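The values are calculated or read from the model by the stated rules, or taken from the named source; none is laboratory data. All figures in this text were calculated on a predicted structure; none of them were measured in a lab. Note that we place each Cβ from the backbone using ideal geometry, even for glycine, and neighbour counts take in every protein chain shown.
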């Protein structure tokens, strides 16, 4: 198991990962330093974040292609320079952080990084190399092509979760008992899926058991209900990670099971 995925508790046993989705903010300050600080203060050791690049190649922590939904200005992230984005505020309050700011602010925190655009591939890889952050990041993307491009550029192994196509293949072919072999071919270290997709139950007792038998960590997103969290942590031997917008609820559930805090 790669260092990123190792989450061993005081008893020496691997614990399920708790990932705070875009940090934690009741005020909608997603992917901001304030949201990340709130999650870390709750005890999180893992943050799920998104990245896009500015016009001049700075790797920004931001989800949407457009600034419109969460910021005080409109237009594409890629249409502004780093300096110009420095004047933009999330909900009119918080600046948009760079990935380097997040990595250096909390040097022990691990980041699940969803790479949202092709322009971020090379500058992201360069940043990981320069900071030696290989053991602290997981490369995620709906695009398998994009995540594989990143892996090729890195000098050391980095954890990676399946993209959309790889996830579908692993799910569809799991009954054949070749999950471990297929994951190696696809260069996948863990699988991150929703509970349901297009009306189909993705996370079932049998699927969780198959992933566990294959030694493929299974993370489920985005789970905000405490009862659902409990159910998934028991299903088929238990999922290996949960991603939640409700970091407060997930922390409470994990604490009750003796898995808290997870931050160093």
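If we scan segment 93-100, do we find a residue that is touching a residue at least 24 places away in the same chain (Cβ under 8 Å), over 27 Å from residue 242 (Cβ atoms) and part of a loop (DSSP other than H, G, I, E, B)?
yes
Have a look at 181, 210 and point out the one that is out of contact with any strand residue (DSSP E or B) (no Cβ under 8 Å at 6 or more places or on another chain), exposed (fewer than 14 other Cβ atoms within 10 Å of the Cβ) and under 23 Å from residue 138 (Cβ atoms).
It is 181.
Under 6 Å between Cβ atoms, at least 6 apart or on separate chains: pull out the pairs that start in segment 128-154 with a residue that is in contact (Cβ under 8 Å) with a residue 24 or more places away in the chain and not assigned by TED's automatic domain parsing to the domain that holds residue 193 and end on any residue that is surrounded by fewer than 15 Cβ atoms within 10 Å (Cβ to Cβ) and outside any helix (DSSP H, G or I).
Filtered contacts from segment 128-154: 134/156.
Quick one: would you say residue 243 is at negative phi, part of a strand (DSSP E or B) and either touching a helix residue (DSSP H, G or I) at 6+ places or on another chain (Cβ under 9 Å) or assigned by TED's automatic domain parsing to the domain that holds residue 31 (or both)?
So residue 243 passes the test.
Return the pairs, sorted by first residue and then second, in which the second residue is surrounded by fewer than 20 Cβ atoms within 10 Å (Cβ to Cβ) and not in a strand (DSSP E or B), the first residue lies in segment 230-245 and is touching a residue at least 24 places away in the same chain (Cβ under 8 Å), the beta carbons are less than 6 Å apart, and the residues are 6+ apart or on different chains.
Note: pairs meeting the criteria are 235/205; 236/205; 236/209; 237/212; 243/222; 244/224; 245/222; 245/224.
Only strands (runs of 3 or more DSSP E) wholly contained in segment 1-65 count here; list those with 2 or more residues that are crowded, with 21+ Cβ neighbours inside 10 Å and out of contact with any helix residue (DSSP H, G or I) (no Cβ under 8 Å at 6 or more places or on another chain).
It comes to 46-53.
For segment 104-122, give me each residue that is surrounded by fewer than 15 Cβ atoms within 10 Å (Cβ to Cβ) and outside any helix (DSSP H, G or I).
107, 108
Give the residues of segment 188-214 that are assigned to a loop (DSSP other than H, G, I, E, B) and in contact with a helix residue (DSSP H, G or I) (Cβ under 6 Å, 6 or more places away or on another chain), sorted by residue number.
188
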